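In what follows, a single structure is set out as structure tokens and then discussed.
The values are calculated or read from the model by the stated rules, or taken from the named source; none is laboratory data. Just so it is clear, the model here is predicted, and its values are computed rather than measured. Cβ atoms come from the backbone with ideal geometry, glycine included; neighbour counts cover every protein chain shown.
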Amino acid sequence: MRVRWFVWWGVFPDVLAFGLPALVGLWLRVAGGAGYEGTMHGGRLPHVHLGLPLYQIGHSLIVFVVVFGVSALVARRPLWGLAGWLLHVLIDIPTHSKRYYATRFLWPLSDYGFDGIPWWTPWFHWCTYGALAVVYLLLWRIGWLSRARL
């Protein structure tokens, strides 16, 4: 497995949910020009409502299992790089509150979202970055980072 595929699939759920709406909004701003801006909502661009539906699709364990299964059938072997997507969803489940992007991990079968600890909680925020730094230093210390093929 190549590290780059694991990394790509690890960020894929958020790229799907937030990248496409950002690109559409940018396109509307660039293509619309001054005349377009002046005609919508008092000079503002329209809000692009793609994020939440795409967030649910990209953060669903059900969707992941289907995609993983179909890709394994087509490739005739498991594509383990997709595990980055699974890890992303598993990390997001306990780290998003119901107030802000609760991860609906059983979508489309259920709308249930776990009420976890929000990322912006100060002690949790610093623990997360501290843990990432420790893991990075350990990987660097044992030489794994220099051997990993990106």
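Details
- Pairing residues of the stretch 98-126 that are under 13 Å from Leu52 (Cα atoms) with residues that are among the aromatic types (Phe, Trp, Tyr), at Cβ distances under 7 Å and at least 6 apart in sequence or on separate chains, gives Tyr101/Tyr55; Ala102/Phe114; Thr103/Phe114; Arg104/Tyr112.
- Flag if Gly116 is surrounded by 15 or more Cβ atoms within 10 Å (Cβ to Cβ) and in contact with a Ser or Thr (Cβ under 6 Å, 6 or more places away or on another chain): yes
- For the criterion of being closer than 24 Å to Phe68 by Cα and among the small types (Gly, Ala, Ser), Ala102 passes.
- Inter-residue pairs, beta-carbon under 8 Å, first more than 22 Å from Arg104 (Cα to Cα) and in the stretch 1-29, second of a type in the set (D, E, K, R) and assigned to a helix (DSSP H, G or I), 6+ apart: Arg29/Glu37
- Some residue of the stretch 71-87 being surrounded by 14 or more Cβ atoms within 10 Å (Cβ to Cβ), within 17 Å of the chain's Cα centre (by Cα) and hydroxyl-bearing (Ser, Thr, Tyr): no
- Helices (runs of 4 or more DSSP H) contained entirely in the stretch 33-150, each with at least 2 residues that are closer than 23 Å to Phe12 by Cβ and modelled with pLDDT of 95 or more: 61-75, 83-92
- Top-ranked residue of the stretch 5-17 - restricted to ones that are among the aromatic types (Phe, Trp, Tyr) and over 8 Å from the mean Cα position of the chain (by Cα), ranked as nearest to His59 (Cα to Cα): Trp9
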